[in-house]
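All remarks here apply to the structure that follows.
The values are calculated or read from the model by the stated rules, or taken from the named source; none is laboratory data. Predicted model only: the values in this text are computed from it and were never measured. Glycine gets a Cβ as well: all are built from the backbone with ideal geometry, and neighbour counts include every protein chain shown.
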Amino acid sequence: MALEQALLALDECLAQFEQALDNLLWAVVEAQPTSMRGHALIDYYEGATIELIGLVKEARAAIAPVAALVVAERVGRALTNCQDVMQQIVARFYTELRDCERNEALNGLARQRGGEWARWVHGVQDALNGCPQPLYAMVQTLTPCWLALIDQVARLSVDVRIQSADVAIQGIPNRAESVQKDLPGEGYVASGRSKTSIS
């Protein structure tokens, strides 16, 4: 896969995960029960989701400048920055949004309050369940970017070696021409005596 295509695929996967987080944020905030608005779990999930969306935007911003202008050194730095942010995203998603304690708190809220709150909990859990697949795809798309970068650097290295060898070869004079130039006039033979003409 060409490097530019790999970077565009990575950005697309980041965008899909960002959309999944937007869906989660909507389920947390907009779909909360109207009869009794506000709960610590709503505040927690809203804050954690907003922070993750910010990290996804940061990861996309890291690769945006190099997606069109594919310069190996810049792409390497951009991918490193993007990978660092993506590692934070994965860790925080599973420790802050998908951990057992938070899930149990959601289930407890649904059992205690029932009705609208149970529907809200179901909506939040459904939105959470829509996140791992695009998150996994996002992480998997990073590897082809590194492979494409390595391939490009390898090809550049080969091109530089070929060009260097070509320059070196062009700098060496043709050996036959060089010997011919070193020989004196027509009357010279290898023994050092003059040619004699035979009549």
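Residues of region 1-30 being assigned to a loop (DSSP other than H, G, I, E, B) and at pLDDT below 90, which ones? I'd like the intermediate steps shown before the answer.
In the first step, residues of region 1-30 are kept if they are assigned to a loop (DSSP other than H, G, I, E, B); the result is 1-2, 30.
Matches in region 1-30: Met1, Ala2.
Considering Glu30, Glu104, Glu18, which residue is surrounded by 13 or more Cβ atoms within 10 Å (Cβ to Cβ), more than 25 Å from Ile150 (Cβ to Cβ) and of a type in the set (D, E, K, R)? Walk me through how you get there before you give the answer.
On the way: Glu30 fails: surrounded by 13 or more Cβ atoms within 10 Å (Cβ to Cβ); Glu104 fails: surrounded by 13 or more Cβ atoms within 10 Å (Cβ to Cβ).
None of the other options fit; the residue is Glu18.
Please identify the pairs in which a residue from region 108-120 that is under 12 Å from Gln32 (Cβ atoms) and acidic (Asp, Glu) has its Cβ atom under 8 Å from the Cβ atom of a residue that is surrounded by 15 or more Cβ atoms within 10 Å (Cβ to Cβ) and at pLDDT below 95, counting only partners at least 6 apart or on another chain.
Close Cβ pairs satisfying both conditions: Glu116/Pro33.
Filtering region 33-53 down to residues that are surrounded by fewer than 16 Cβ atoms within 10 Å (Cβ to Cβ) and aliphatic (A, V, I, L, M), which residue is nearest to Asp126 (Cα to Cα)?
By that ranking, first place goes to Ile50.
This table checks each residue for (1) in a helix (DSSP H, G or I); (2) within 32 Å of the chain's Cα centre (by Cα); (3) of a type in the set (A, V, I, L, M).
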position	(1), (2), (3)
Asn103	yes, yes, no
Asn107	yes, no, no
Arg111	yes, no, no
Glu116	yes, no, no
Val121	yes, no, yes
Asp126	yes, yes, no
Thr143	yes, yes, no
Ala148	yes, yes, yes
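Can you tell me which residue in region 31-46 is farthest from Leu97 (Cα to Cα), limited to those that are assigned to a helix (DSSP H, G or I) and without any contact (Cβ under 8 Å) to a residue 40 or more places away in the chain?
Going residue by residue through region 31-46, those that are assigned to a helix (DSSP H, G or I) are 40-46.
Filter once more, so that each one left must be without any contact (Cβ under 8 Å) to a residue 40 or more places away in the chain: 40, 42-43, 46.
On the way: Ala40: 14, Ile42: 12, Asp43: 12, Glu46: 10 Å.
The residue in question is Ala40.
How many of the residues in region 111-131 are within 17 Å of Val28 (Cβ to Cβ) and either surrounded by fewer than 18 Cβ atoms within 10 Å (Cβ to Cβ) or in contact with a Ser or Thr (Cβ under 8 Å, 6 or more places away or on another chain) (or both)?
Step one: of region 111-131, the residues within 17 Å of Val28 (Cβ to Cβ) are 113, 116-131.
Next, from what is left, pick out any that are either surrounded by fewer than 18 Cβ atoms within 10 Å (Cβ to Cβ) or in contact with a Ser or Thr (Cβ under 8 Å, 6 or more places away or on another chain) (or both): 113, 116, 118-119, 122, 125-126, 129-130.
Result for region 111-131: 9.
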